[in-house]
Every structure is written in structure tokens, then in C-alpha cells.
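S.K.: One structure follows; several queries about it will come next.
The values are calculated or read from the model by the stated rules, or taken from the named source; none is laboratory data. Being a predicted model, the structure only gives us computed values, none of them experimental. Cβ atoms come from the backbone with ideal geometry, glycine included; neighbour counts cover every protein chain shown.
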Amino acid sequence: MRLTMVGTGYVGLVTGVCFANTGNHVTCLDVDAGKIDKLNKGVCPIYEPGLTEMMAHNVAAKRLFFTTDKAQAYRDAEMIFICVGTPSDERGHTDLKYIHSAADDIADVLKSLGPKQQPKVIVMKSTVPVGTTLAVRDRIRARAGADIPFKVADNPEFLKEGAAIDDFMKPDRVVVGVEDDATGAAFKDLYDPFVRNGHPIFLMDVVSAEMVKYASNNFLATKISFINEMANLCEAYGADIGRVREGMCSDKRIGNAFLYPGLGYGGSCFPKDTLACIMMGETRGVPIPVSKAVHEANQRQRERFFGKLQEHFKNAGGLSGKTLAFWGIAFKPKTDDIREAPALTLIRKALGYGAIIRAFDPVANENARRELGPGPVILDDMYEAAKGADALVVCTDWDEFKSPDFARLAQIMRGRVVFDGRNLYRRNQLAERGFWYYSVGRAPARPA
């Protein structure tokens, strides 16, 4: 099948590469000529394990192409996947300008092809407020002309950054919203190579497909905020959230996914989609108190953890002049994505209190330097970041942070204090080595 991806961001590039890998002819379109030039030179603009290699393989096989030529990209496609960004403000209102721009460009090409063309399927892959896909259909129809044939569909993505290739190639489910059976049949053919593991393709109406994405992400965000709330209760009563989690997650009705205490969720999806649900409820007069509580609890979790730093240094002149080493800046491991990352919140607050920041992340350093500017020192070695630090703050659970050389840390750090926002270490493990140790949902440990 001949497919076009509109946008070469995270969703568009992963989707295009994976579709090409199963034999489809895929064109990835972007208005950013610099990005397209890099892609044509084999430079992947995002960090995602396995993506660069798969991209190169399919380019060499002449199944994957990158272009800025809108007319060519739309003219030759059977399906056009809109994968552009949908940024939102702090209240969850979504900016659809990139969606509208893509829709207008598609309409102009459809109009130029005339009414006798084979109907193309315009697929909304971006996460958009419920009702947007049908509104885009009406926008294209109004601009191209009522006699121009085309179909629309919504096909939400469920990709975890750091595991996107596996998620796409072996999905738990595929969700597609369509308006007619023929479009549904085309999607079944397209996705058949990916669901031979027996996992389902759900065909439904367009509006319900849009809602599946929001409901899924909102529920996962709820689980994260819930376990963090339980962790805070554990701290108040002297319980251990690790043991509590073991006991509750052994119940098969509960399971253990997304029930890890920490600094709260970040990234491009959970914060935005939770706020979008709140916004959609406000728009239609539907109270959304659970979603509001989830968002507020997530923001408080960062404040609560920062309070531990303040409390520890309260009798030592506060954070002003203290050197804090941060391990991990990306919002999660196996990605360079720092959007809504808890580390950014903590770093900025610490800078505001006069702290000196040294930080390290295995892949997100360049993004952090661009985002944070000259204030913090971003280093390319985890131990170099910890040198001379009064405290170490662990924000991301990268594998290389899980078994560090504590003896070396004790030698190079000025103070022996670890604030572990991901519960990577055992309490006695740090105390026996002479460290103060603070984590989430467990009592602090004093030096032995």
C-alpha cells in the first residue's frame, strides 16, 4: 500500500518506518527542510532504540522516502496519516493549527486531482480532542468541494517511548474509527502483519476511537497518581510502599503495571491528555473530578519530593550555595524526551533557591542544555556530575544508575546524601555506606 505520514516527529517517523518494514511504500512528509535533509542522510532526529537501524534498512530497500513536496506526497498516497503536533496550554486547550494546516494542504491536492480520483483515506493519527476528525473531514470537504471523494478515519497510537518499535510491531490492540465497512477492511489488510499474535483490531465509530486514546492514558496516569498517594501515606505511618505494593499487586484484578511510586508522570502524553479530558469535560459541562485530582496529585508529588531536599538542608543554611548532582533528566529511561520531566521541575526550583546544579543523562543532555540554558552544568559522565556534590538526586531509572559504585561516590562527593526519586536502592544499602538516604514511600535511612 502507498502511505504518506504527515510529520516526522515521534509518531510519524515510528509509524512510517514500521509500515515500510512490512512492505508498504511510505513517504514521510515534513515542512522542516533541515530535518528532511538529515533524514535523507540517515540521521534520525529522535532517540528510540532500534529506529535508526530499521530506518536505514527500509531506505536502502527503497520502501521509505522523505520529502518536503506536499503535492507529490499527497497525490500518490492511498492513505494519508496526519501525525503532526497538537500542543496544549496549561489548562489543556489543544492548539490545532498544525492539524488545520495539513488538512488545507490535503484539500488543495484533492481538489487539483478532481472528482474522478480514487478516494483516499485521511487518517488522524495525532491525539486530538474528541470530534476533531469529523471536523477535519468537514473542513477538507468545504475547501476541496463536495464532489471530491475521500474517507476519514481515526487510528490512535499507543507507543511507549523507549519501546515504540516493539509496541508497533507487536501491539496489544489496534483501534480504528471508521465511517464505512470498506475503510475498515482496508485497515484490517494494512495491520494484518502486526496482529498475527492473535491480538485484536477494534473497528468502531470515529468519535469512540478518539476517546479510547484519552481514556487509556488518563487511566494509566490515575494509577501513577494513586500509588504515589499511597506512598505518601506509607511515609506518614511508617509503612514501606515496596511491601505494600507487593501485597496489593498480587491481586490479579489490580496487577502491577504503572503502579511504581516515584516523582510522578511526565512526557508528552499523560500530562497533556489528562488536561485534555478536563478541558473536554468543562466544554460540555461534564464534571471531571477524578482527572482533576490525578493532575493535581501529580504536580504535588514533585513539590513534596523537593520538600525533602529543603528539610534536609534546613539547618545547614538551606539550598543556597549547595551543589546538587542530578542523575537522569529525561522523563523516563530509553528516551531523550524531557517534556514535562520531573527533573526539570526539581532543577529549576533548586536553581531558584540558589543551588548549584551538575547533571547527567545518558541520552538527553543536548536537549537539557537547550532547555535549561547556561544555569546548570550538564556533564557527559555520571561520576563527573557527582564530583563535589552535597547531595545526589536520582530522577530517572536508567539501568546504569541501578548499581553505582557507592565507594567511589563517597570519595568524590562533598556530602553523603542521596535523594532517590525512583526507589532504586535498598535503605540499608546506603546507610551501611554512610549515606543519608531519602526515597518515596519509605522512611529515610540515617548513616550507620
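S.K.: Mind checking whether some residue in the range 393-409 is surrounded by fewer than 18 Cβ atoms within 10 Å (Cβ to Cβ) and polar (S, T, N, Q)?
M.R.: Checked against the condition, which is being surrounded by fewer than 18 Cβ atoms within 10 Å (Cβ to Cβ) and polar (S, T, N, Q), the range 393-409 yields at least one hit.
S.K.: Still on this structure: Here are some conditions: (1) more than 22 Å from N365 (Cβ to Cβ); (2) in contact with a Ser or Thr (Cβ under 8 Å, 6 or more places away or on another chain); (3) part of a loop (DSSP other than H, G, I, E, B). P45 meets all but one. Which one does it not meet?
M.R.: (1)
S.K.: So the check is Cβ under 9 Å with 6+ separation or different chains; which pairs have a first residue in the range 235-248 that's assigned by TED's automatic domain parsing to the domain that holds F305 and more than 14 Å from L259 (Cα to Cα) and a second one that's part of a helix (DSSP H, G or I) and at pLDDT below 95?
M.R.: Partner pairs satisfying both residue conditions: D240/R427.
S.K.: Could you list, in sequence order, the residues of the range 19-54 that are closer than 22 Å to T86 by Cα, in contact with a helix residue (DSSP H, G or I) (Cβ under 7 Å, 6 or more places away or on another chain) and touching a residue at least 40 places away in the same chain (Cβ under 8 Å)?
M.R.: T27, L29, I46, E48
S.K.: In this structure, does Y214 turn out to be surrounded by 14 or more Cβ atoms within 10 Å (Cβ to Cβ), among the aromatic types (F, W, Y), within 30 Å of C83 (Cα to Cα) and touching a helix residue (DSSP H, G or I) at 6+ places or on another chain (Cβ under 9 Å)?
M.R.: yes
S.K.: Can you pull out every residue in the range 311-334 that is in contact with a Pro (Cβ under 9 Å, 6 or more places away or on another chain) and surrounded by fewer than 24 Cβ atoms within 10 Å (Cβ to Cβ)?
M.R.: H312, P333, K334 - these are the residues of the range 311-334 that are in contact with a Pro (Cβ under 9 Å, 6 or more places away or on another chain) and surrounded by fewer than 24 Cβ atoms within 10 Å (Cβ to Cβ).
S.K.: Any residue at all in the range 131-144 that's under 23 Å from G9 (Cα atoms), in contact with a His (Cβ under 9 Å, 6 or more places away or on another chain) and either in the same structural domain as A330 (by TED's automatic domain parsing) or buried (at least 19 other Cβ atoms within 10 Å of the Cβ) (or both)?
M.R.: yes
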